[in-house]
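Colleague: Let me give you the structure first, and then I'll get to my questions.
The values are calculated or read from the model by the stated rules, or taken from the named source; none is laboratory data. Fair warning: this is a prediction, and the values are worked out from it, not measured in the lab. When we count neighbours, we look across all protein chains shown, and the Cβ atoms used for this are built from the backbone with ideal geometry, even at glycine. Only protein heavy atoms, including side chains, enter the accessible area calculation; ligands, DNA and RNA are left aside. Shrake-Rupley method; radii C 1.70, N 1.55, O 1.52, S 1.80 Å.
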Amino acid sequence: MIKVGMNELRTIFLEFFREKNHTVIDSFSLIPQDDPSLLLINAGMVPLKPYFTGDAKMPGNRAASSQRCIRTQDLENVGKTDRHGTFFEMLGNFSFGDYFKEEAITWAWEFFTERIQIDKDVIWVTVYQDDDEAYNIWKDKIGIPEERIVRLGKEDNFWELEVGPSGPCSEIH
């Protein structure tokens, strides 16, 4: 694995997706614009809800960003676990009707194993419990052994917003 700081990692990530024809967008304000459903931006996709719902059009239907975020819904866990923080940057690549699971999974694998050179043999993935399509892409196309693909339920592998796009997700560990 290459050793880089956060600024270089951000640059490598955004350049990788620029090469995949994504429009690289600047981080939005932490205060949502025209979105009364949240007090603060808490995820990279939140400012992009108008593009997912079709209310706005993204040039090329692909975007990548490093979005500043603040989370307050799990404050009681901050400092108790390595997984909880309040302020962070979320790197993301997004498709607005242009590509779906196969490309997203393939590019994530390429980014982790080729660009930042994480050893393929230490990577585990999770998929939503009923998502056979993502499971089969990881197993058959990418070649992750079945024992390193973990099916999880709604609490762990389902992205849900009160307003806007939601659904099952897959994560790389």
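Colleague: Can you name every residue in the stretch 99-139 that is more than 18 Å from D156 (Cβ to Cβ), touching a Phe, Trp or Tyr at 6+ places or on another chain (Cβ under 6 Å) and either open to solvent by less than 30 Å² (accessible area, probe 1.4 Å) or not charged (D, E, K, R) (or both)?
Modeller: F111, I118
Colleague: I'd like the residue in the stretch 53-93 that is farther than 19 Å from F13 by Cα and charged (D, E, K, R) and, out of all such residues, is modelled with the highest pLDDT.
Modeller: Restricting to residues being farther than 19 Å from F13 by Cα and charged (D, E, K, R), the top hit is K57.
Colleague: Which residue pairs have Cβ atoms closer than 9 Å, lie 6 or more positions apart in sequence or on different chains, and pair a first residue in the stretch 39-56 that is among the β-branched types (V, I, T) with a second residue that is buried (at least 16 other Cβ atoms within 10 Å of the Cβ) and assigned to a helix (DSSP H, G or I)?
Modeller: Matching pairs, first to second residue: I41/P47.
Colleague: Here is a further query. Quick one: would you say F96 is closer than 20 Å to E15 by Cα, without any contact (Cβ under 8 Å) to a residue 60 or more places away in the chain and surrounded by 15 or more Cβ atoms within 10 Å (Cβ to Cβ)?
Modeller: It is true that F96 is closer than 20 Å to E15 by Cα, without any contact (Cβ under 8 Å) to a residue 60 or more places away in the chain and surrounded by 15 or more Cβ atoms within 10 Å (Cβ to Cβ).
Colleague: Here is a further query. Would you point out the residue of the stretch 146-173, among those that are small (G, A, S) and surrounded by 14 or more Cβ atoms within 10 Å (Cβ to Cβ), that is modelled with the lowest pLDDT?
Modeller: G164
Colleague: Next question. Could you check the stretch 5-37 and list, in sequence order, the residues that are open to solvent by less than 50 Å² (accessible area, probe 1.4 Å) and assigned to a loop (DSSP other than H, G, I, E, B)?
Modeller: Hits for the stretch 5-37 are G5, K20, H22, S27, L30, P32, D35, S37.
Colleague: Right, another one. So, G143, is that one of a type outside the set (K, R), farther than 23 Å from N42 by Cα, open to solvent by less than 60 Å² (accessible area, probe 1.4 Å) and free of Cβ contacts under 8 Å to residues at least 24 places away in the same chain or not?
Modeller: yes
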